[in-house]
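**Q** I have a structure I would like to understand better, so I am pasting it below and will then ask my questions one at a time.
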Amino acid sequence: MSDPIDQDRDAIIGVAFRRSLAGFAGIGVLTGGVLLARTLFRTDAARVASKEIVEAPEIRTGPALEVVDLMMPFTDRTAAWGVDFVRDDGARGGKLLPESIGGGVTIADLDGDERPDLIFPDGGDLLDPEALGRLAVYRNVAGDDGEPRFERIDDAPVVRGHAMGVAAGDVDGDGDRDLFVSMVGRDRLFLNESSAGRIRFRDVTDAAGLPSDEDWSTAAGFADLDLDGDLDIVGLRYVEWSPGIDAAVDFRLDGIGRAYGPPTGFAGTAPFLLLNQRDPSGAVRFTEDGEARGLRQSNPDTGLPEGKGLALAIVDLDEDGDLDLIGANDTTANAAWINDGAGFFEERGRRLGVAFDRSGAATGAMGIDVATRPARGGVDTLVAIGNFANEPSSLFIRRAGEAAFFDDAAAEGVSGATRRALTFGLLFTDLDLDGVEDLVQANGHLESEITVIQSSQSYRQPAQVFRGLPGGGFREVPQNAIGDLGNPMIGRGLASGDLDLDGDLDLVLAQVAGPPLVLRNDASTGDSVQVRLDGPTGNRDAIGAVLKATIGDRVLVRSIMPTRSYLSQVEPVAVFGLGEASAVDRLEIRWPDGETRTIEGPIEAGRHRFGR
């Protein structure tokens with residue numbers, strides 16, 4: 001079978017043309033052709049954010065028109081579960097760009113007790129390069145009432161600078177999860193030296209050979225990208241930034257003055273790839289090799305780096321057994337780096353159709369997630385990207401048997417309802433355990449005074465939930481049906497994990513400043529099979545594994561991939577909602593190195609752990 005990505009351009013144009021007709025039957029052939037040409041061949045990547053007031057459409061088409069009768073409530077348990085973190089955005093009156101970007105949240109079991117813990121990266125003073133701060137790390141312990149209690153540890157890792165996100169993975173092969181912290185400043189690496197009842201880390205940034213560059217790193221994750229059996233670190237950078245550059249750009253809005261704005265006045269950057277060179281003694285050493293291995297994205301006209309990366313997806317896009325990368329870029333073309341199997345990459349975002357939205361424009365892309373769903377003849381692959389205000393979220397879909405992606409957010413019921421929101425974190429996750437993944441978005445504006453110039457906008461915005469429909473498409477769940485998840489906030493990072501061990505996935509939303517929102521999932525209507533994997537030494541969580549569960553006549557596909565959403569990490573677990581079924585009939589596991597294992601059922605509802 002030929003590689004779908006390598007099919008010729010004419011096939012890609014034909015696919016996109018058919019998708020355009022399906023989504024907009026009333027648009028003429030000539031207009032559709034023009035839009036398609038812009039989508040596939042556009043080279044001018046810059047976009048200036050519109051200041052016009054754009055009202056959300058009153059009439060929407062597609063699945064979102066259906067009446068929603070299913071409640072999907074979430075309950076705020078932040079204080080009750082003991083989470084008292086308050087993020088410092090670093091705002092000291094200067095309106096510096098990093099203050100508006102916020103941070104993520106990481107959910108991972110740090111002490112090996114099978115209870116997911118919480119890690120929050122803090123911000124801090126951007127004008128003081130020597131300012132010290134700590135990560136906020138919370139250990140999950142069982143409460144007397146059966147609900148979790150989170151205890152903040154006193155000796156959490158110390159960082160110098162403004163932290164953005166935290167990636168968790170076992171880089172030294174000792175069975176626990178180490179932490180990589182992306183920074184405005186030098187990135188940090190901490191090895192996990194926790195024991196029963198105690199969480200502690202050791203800073204090995206220098207010893208492990210991490211670059212000393214004071215760049216602005218954003219999304220990062222662990223994955224075995226060169227297939228040598230251990231976890232590498234890959235990440236994006238946002239823009240070339242310093243307080244002096246920020247002052248020179250001097251973004252302003254009429255009626256407000258100096259304000260937070262799009263990164264159009266800042267130079268683009270390149271991703272980084274730190275290859276793990278762990279020796280037999282267990283000592284960890286990383287080598288930066290991103291540029292040499294093709295992790296670059298250049299403006300076709302100038303040859304200069306054009307990436308302004310905020311979110312990263314690590315996924316096998318071409319289904320050849322290795323992990324590829326998608327970078328969500330703010331105001332420049334999104335990127336897709338295809339892995340040749342040995343850790344060398346080619347950027348193909350424009351060829352694949354994920355670089356621009358359906359009108360051929362680069363968007364203010366913030367968060368990203370990837371999912372698959374059953375389809376006639378195979379599976380559809382979905383790439384969701386949260387965008388800036390007045391830009392609907394993108395939903396790029398590659399239909400089963402097709403070569404390219406096309407932004408079908410409108411036909412899928414997502415576009416109209418997301419146009420007004422400014423979306424950062426977003427996740428595909430089966431909130432109600434019916435076997436169909438839903439889409440949840442964390443929203444919030446950059447500018448606290450945005451209503452002064454745009455009455456349709458607000459600084460604090462409610463999150464949104466789109467229920468996945470069994471036949472395809474999504475339906476927005478009303479704000480008054482999602483409980484405390486609908487409380488307006490300044491949303492940034494978003495992650496999921498079974499915090500209370502009841503079988504469904506709870507949510508944690510981080511704000512740009514102030515406390516997070518820790519939400520208990522009360523939306524589930526059925527049971528689930530949760531699968532955790534014991535991978536080989538070097539990749540204990542089997543990051544990158546793909547699992548297929550047969551449940552009756554349905555086949556559900558899930559991946560073990562913590563790096564998702566916006567600057568965030570989810571619990572490394574595959575959750576299969578059973579709906580009306582009672583068990584998984586068959587489970588197929590494709591390990592990161594391509595080896596497979598099949599487990600015949602029934603696999604009953606509950607938590608399960610499988611090894612090789």
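**Q** For the stretch 585-597, check the following and say yes or no: at least one residue is within 27 Å of Phe74 (Cβ to Cβ), in contact with a Gly (Cβ under 8 Å, 6 or more places away or on another chain) and open to solvent by 10 Å² or more (accessible area, probe 1.4 Å).
**A** Checking the stretch 585-597: not a single residue is within 27 Å of Phe74 (Cβ to Cβ), in contact with a Gly (Cβ under 8 Å, 6 or more places away or on another chain) and open to solvent by 10 Å² or more (accessible area, probe 1.4 Å).
**Q** In the list Ala365, Ala403, which residue meets the criterion of being modelled with pLDDT under 95 and open to solvent by less than 10 Å² (accessible area, probe 1.4 Å)?
**A** Ala403 is the lone residue from the list that is modelled with pLDDT under 95 and open to solvent by less than 10 Å² (accessible area, probe 1.4 Å).
**Q** Next up: Go through the stretch 164-206 and tell me which strands (runs of 3 or more DSSP E), entirely inside it, have 1 or more residues that are without any contact (Cβ under 8 Å) to a residue 40 or more places away in the chain and open to solvent by 10 Å² or more (accessible area, probe 1.4 Å).
**A** Output list reads 188-192, 201-203.
**Q** Another question about this same structure. Exactly one condition in (1) in contact with a strand residue (DSSP E or B) (Cβ under 8 Å, 6 or more places away or on another chain); (2) surrounded by 15 or more Cβ atoms within 10 Å (Cβ to Cβ) is false for Asp246; which is it?
**A** Going through (1) in contact with a strand residue (DSSP E or B) (Cβ under 8 Å, 6 or more places away or on another chain); (2) surrounded by 15 or more Cβ atoms within 10 Å (Cβ to Cβ) one by one, Asp246 breaks only (1).
This table checks each residue for (1) of a type in the set (Asp, Glu); (2) under 21 Å from the mean Cα position of the chain (by Cα); (3) closer than 15 Å to Met366 by Cβ.
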residue: Arg376; (1), (2), (3): no, no, no
residue: Phe388; (1), (2), (3): no, yes, yes
residue: Leu395; (1), (2), (3): no, yes, yes
residue: Ala400; (1), (2), (3): no, no, no
residue: Phe405; (1), (2), (3): no, yes, no
residue: Ala417; (1), (2), (3): no, yes, no
residue: Leu422; (1), (2), (3): no, yes, yes
residue: Asp434; (1), (2), (3): yes, no, no
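**Q** Moving to a separate point now. Look at the stretch 236-270 and say how many of its residues are within 25 Å of Ser565 (Cβ to Cβ) and in contact (Cβ under 8 Å) with a residue 60 or more places away in the chain.
**A** So the answer is 12.
**Q** Shifting gears a bit: Being open to solvent by 10 Å² or more (accessible area, probe 1.4 Å), in a loop (DSSP other than H, G, I, E, B), touching a helix residue (DSSP H, G or I) at 6+ places or on another chain (Cβ under 7 Å) and modelled with pLDDT of 95 or more, is that true of even one residue in the stretch 304-319?
**A** Looking for residues that are open to solvent by 10 Å² or more (accessible area, probe 1.4 Å), in a loop (DSSP other than H, G, I, E, B), touching a helix residue (DSSP H, G or I) at 6+ places or on another chain (Cβ under 7 Å) and modelled with pLDDT of 95 or more, one finds at least one in the stretch 304-319, hence yes.
**Q** At least 2 residues that are in contact with a Phe, Trp or Tyr (Cβ under 8 Å, 6 or more places away or on another chain) in each: list the strands (runs of 3 or more DSSP E) lying fully within the stretch 84-158 that qualify.
**A** It comes to 117-120, 136-142, 148-152.
**Q** Restricting the search to the stretch 246-290, which residues are among the charged types (D, E, K, R) and farther than 28 Å from Thr537 by Cα?
**A** Asp246, Asp250, Arg252, Asp254, Arg258
**Q** Six or more apart or on different chains, Cβ atoms under 7 Å: show the pairs whose first residue is in the stretch 463-482 and closer than 11 Å to Glu412 by Cα and assigned to a loop (DSSP other than H, G, I, E, B) and whose second is basic (Lys, Arg) and open to solvent by less than 30 Å² (accessible area, probe 1.4 Å).
**A** Leu469/Arg475
**Q** A further question on this structure: Considering only residues that are open to solvent by 40 Å² or more (accessible area, probe 1.4 Å) and more than 20 Å from Ile153 (Cβ to Cβ), look in the stretch 92-123 and name the one that is nearest to the chain's Cα centre (by Cα).
**A** Lys95
**Q** If you don't mind, another one. I'm trying to understand the selection: among the residues of the stretch 598-611, which are surrounded by 15 or more Cβ atoms within 10 Å (Cβ to Cβ) and either modelled with pLDDT under 95 or in contact with a Ser or Thr (Cβ under 7 Å, 6 or more places away or on another chain) (or both)?
**A** Answer for the stretch 598-611, where residues must be surrounded by 15 or more Cβ atoms within 10 Å (Cβ to Cβ) and either modelled with pLDDT under 95 or in contact with a Ser or Thr (Cβ under 7 Å, 6 or more places away or on another chain) (or both): just Ala605.
The values are calculated or read from the model by the stated rules, or taken from the named source; none is laboratory data. This is a predicted model, so every value here is computed, not measured. Heads up, the Cβs are rebuilt from the backbone with ideal geometry, glycines too, and the neighbour counts pull from every protein chain shown. Surface areas here come from the heavy atoms of the whole protein model, side chains and all, with no ligands, DNA or RNA. Shrake-Rupley method; radii C 1.70, N 1.55, O 1.52, S 1.80 Å.
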